[in-house]
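Structure below; questions to follow.
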Amino acid sequence: MDIHGSVDVVVVAYEDLPFSEFLHRPGAAAKRLNVVRALRLRRRDDVDLALMRVDQMERDGVVVDFTARLLASLVRSQPLDVVRLALGEALPWTTFLPEVDLDQLLAELVSVTQGAASLGNLSPVAVLLEQWRHTAEVYADPVLLEIIQREPDGDLGQVPAPAGEL
């Protein structure tokens, strides 16, 4: 069985390239994309950029869409304990979340992943996972958890109106 078909097989995920070199030799950089999945263009005074072929980006999108649909199907069709176990394998920090939070994470993950895949923008998934990881960090630290769960001492006073909304 030939799983490669007409798809170019790329060995390296990405290669670093100084942005200035890309500017001076864009043709050579473009040729590198036949061998590497993407180029990470390092910039001195700003955030690095990524350069990839459109066909690679489209294939990535197909995989993300498939993964989102598969995740949703598994969550709907499999016993919850099996899904929780798989989630723990993928995200080991979930071991610190209470069961009710695990269920909420799964529901949000399915919804956000499907929505993000349909938009072709994975940022919402990354934000969601980061937020839940921070929640797990709180549960993992008994001192921090106690501080957060503690009732405030007395009335904290009037909350000022946001600027411009008087």
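Among the residues of segment 59-74, is there at least one that is surrounded by 11 or more Cβ atoms within 10 Å (Cβ to Cβ), under 17 Å from the mean Cα position of the chain (by Cα) and under 18 Å from Leu17 (Cβ atoms)?
Taking every residue of segment 59-74 in turn, none turns out to be surrounded by 11 or more Cβ atoms within 10 Å (Cβ to Cβ), under 17 Å from the mean Cα position of the chain (by Cα) and under 18 Å from Leu17 (Cβ atoms).
Ok, one more. Which of the residues that make up segment 26-56 are assigned to a helix (DSSP H, G or I), under 20 Å from Gly120 (Cα atoms) and modelled with pLDDT of 90 or more?
Step one: of segment 26-56, the residues assigned to a helix (DSSP H, G or I) are 26-32, 54-56.
Remaining after also requiring under 20 Å from Gly120 (Cα atoms): 54-56.
Val54, Asp55 - these are the residues of segment 26-56 that are assigned to a helix (DSSP H, G or I), under 20 Å from Gly120 (Cα atoms) and modelled with pLDDT of 90 or more.
I'm trying to understand the selection: among the residues of segment 113-145, which are modelled with pLDDT of 90 or more and either aliphatic (A, V, I, L, M) or not assigned by TED's automatic domain parsing to the domain that holds Thr94 (or both)?
Selection gives Val125, Ala126, Val127, Leu128, Leu129, Ala136, Val138, Ala140, Val143, Leu144, Leu145.
Something else: Please enumerate the residues belonging to segment 57-110 that are among the hydroxyl-bearing types (Ser, Thr, Tyr), at pLDDT 90 or above and under 30 Å from Tyr14 (Cα atoms).
Listed by number, the list holds a single entry, Thr94.
Quickly run through segment 127-153 and pick out the residues that are within 12 Å of the chain's Cα centre (by Cα), over 14 Å from Ala68 (Cβ atoms) and of a type in the set (A, V, I, L, M).
Within segment 127-153, Val127 is the sole residue that qualifies.
From the residues in segment 116-166 that are surrounded by 13 or more Cβ atoms within 10 Å (Cβ to Cβ) and among the β-branched types (Val, Ile, Thr), which one is farthest from Met57 (Cα to Cα)?
The residue in question is Val138.
The values are calculated or read from the model by the stated rules, or taken from the named source; none is laboratory data. Small disclaimer: the values here were computed from a predicted structure and weren't measured. When we count neighbours, we look across all protein chains shown, and the Cβ atoms used for this are built from the backbone with ideal geometry, even at glycine.
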